[in-house]
Amino acid sequence: MAGTKRDAVVVGGGIAGLAAACSLLRQGWNVTVLEQARRFAEVGAGLALTPNGLSALSSLGLDAPARGAGHPVQMAGTQDHRGRWLVRIPSGSVRRPPPTAYGIHRKELHRLLLASAQGATLLPGARVVGIDPGRPDGPRAVVFCASDKGDLALDADLVVAADGLRSACRQQLAPASAPRYSGKSAWRGVVREFPAAADGFAVRWGPGTEFGALRIGAGSVYWYGYTFSEEGQRWADEKDAAMEHFAGWAEPVPSLIRGTPPAVILRHDVYALAPALATYVYGRAVLIGDAAHAMVPTLGQGANSSLEDGACVGLLIARAVNEGASLAAALGSYDARRRPRTQRIARRSATAGRLGADLRAPAGVAARNALLRLLPGSLAARAGSSVVAWRAPA
């Protein structure tokens, strides 16, 4: 395959899919991106770009624009719902400052990726109805989709399935794995012109509930509240429901919710993929992002691990093929390097929830809080850095 320009079809125009498209374009591949929605857009509020996500963006030439579009945030530690510190991450020193994350609106991150992917053929309104994954050493893959332009059959050297939690590609290629409800849902919102928020990011834990807030711009704050809920439960007024749930929490929690326009408050049930996939590779198709390893958000790694995946599609697959490796070897290398890491993050995210904000019984909450107060902040910082210290392959 060396010396020949290759074709890739990316299914899904979200963060993972566009990151993959950008990475493939940088390796000189022809790229087509299929998006089921009628336009390429991101639904959501904010997120924290941790050092690993920034490294992935750096490999795409987008780390500086992402930093410019976001706001620097220092990880501060964990508090209880009364605002009392349970574990505080030290501010560090000039020689070893704590890791800096960048708060950014999802729409801003998506906008940057979409602009960088303009060299691809972008097909909105294209719903995948079937996939023939082909074989790495044999027939090319074919993606079948229905679109405004009629039924399409697109063949490719590589298919990147980045079509999210309810991936149509995964449903066909690995039907035994499916989204499983976590038992919790999350409110999310963005407040404009909120001067009281600090630049540090401290997670707050109450009984069965987690709350966090971080700046995503000079005058904007993203917040989330993650708590137990019946699957599919909806409230007539989500803002009132959030205000009631967080009544009695220390400031700025009530003020953040109160200051958020009702129309921009979102709530989504949270799912994780189960059982974990035995492989991310099926013929010439590779699953990435939530399609491969949807996880609960307790470590804040859903988008960051998706950016890693997208960057590695180009760095581990396309680049290797360009340099003369077989597609089978390149896909095998991708699976060997990405699947253990992302599934480990998914397991750690689930464990962090069970031992953290999932606890509701007063005795369990009290024991957890007492243990956390004994934990040195430097140790907590090192534990977190083991996840975010990832760097894109050179």
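The values are calculated or read from the model by the stated rules, or taken from the named source; none is laboratory data. The shown structure was predicted, so the numbers you read here are calculated from the model rather than taken from an experiment. Positions of Cβ are generated from backbone atoms using ideal geometry, with glycine treated the same way; all protein chains shown enter the neighbour counts. For the accessible areas, the whole protein counts, side chains as well, though only heavy atoms, and no ligand, DNA or RNA atoms are used. Shrake-Rupley method; radii C 1.70, N 1.55, O 1.52, S 1.80 Å.
Computed values, structure above
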| quantity | calculated |
| --- | --- |
| Volume of the Cα convex hull of the chain, divided per residue and given in Å³ | 138 |
| Overall Cα dimensions of region 57-173 - principal axes, largest extent first, Å | 57, 33, 31 |
| Positive minus negative residues near Ala350 (Lys, Arg vs Asp, Glu; Cβ under 14 Å) | +4 |
| Volume in Å³ per residue [convex hull over Cα atoms, computed for region 136-212] | 234 |
| D (Stokes-Einstein, µm²/s), Kirkwood Cα radius, region 318-362, 1.567 mPa s at 4 °C | 100 |
| Residue-wise HN-Hα coupling along region 155-168, computed from phi with Karplus coefficients 6.51, -1.76, 1.60 (Hz; x: Gly, Pro) | 9, 7, 6, 9, 10, 10, 8, 10, 9, x, 3, 9, 3, 5 |
| Pairs of lysine residues in the chain - Cα separation under 28 Å, sequence separation of 8 or more or cross-chain | 5 |
| Scattering curve values for region 123-275, log₁₀ I(q)/I(0), Debye with Cα scatterers, q = 0.10, 0.11, 0.12, 0.20 Å⁻¹ | -0.56, -0.64, -0.71, -1.13 |
| Region 206-256: GluC sites (Glu not before Pro) falling in loop per DSSP and having at most 14 other Cβ within 10 Å | Glu230, Glu231 |
| Rounded to 5, the percent of DSSP beta bridges in the chain classed as antiparallel | 70 |
| Normalised per residue, the volume of the convex hull around the Cα set of region 265-341 (Å³) | 100 |
| Burial ranking of peptide ranges 277-286, 20-29, 70-79 (average Cβ count within 10 Å, highest at the top) | 20-29, 277-286, 70-79 |
| Charge sum, other residues only, whose C-beta stays under 14 Å from Pro275's C-beta, Lys/Arg counted +1 and Asp/Glu -1 | +4 |
| Surrounding net charge for Leu375, when Lys and Arg each add one and Asp and Glu each subtract one, Cβ distance under 13 Å | +4 |
| Kyte-Doolittle mean at least -1.0 and Cα axial length at least 24 Å: DSSP H helices in the chain | 327-355 |
| Which of Asp237, Asp163 is most accessible, then next, and so on - probe 1.4 Å | Asp237, Asp163 |
| Contour minus Cα-Cα distance for Lys149 and Ala361 (0.36 nm per residue) | 70.7 nm |
| Proportion of all alpha-carbon pairs of region 243-392 beyond 26 Å (%) | 45 |
| Computed [θ] at 222 nm, deg cm²/dmol, the chain (DSSP H ≥ 4; -39,500 (n - 2.57); rounded to nearest 500) | -10000 deg cm²/dmol |
| Share of alpha-carbon pairs per 10 Å distance bin for region 1-88, given as whole % | 13, 32, 29, 15, 8, 2, 0 |
| Kirkwood Rh (inverse of mean 1/r, distinct Cα pairs), region 118-158, angstrom | 11.1 |
| Computed over region 209-301, Kirkwood Rh from alpha-carbon pairs, angstrom | 15.8 |
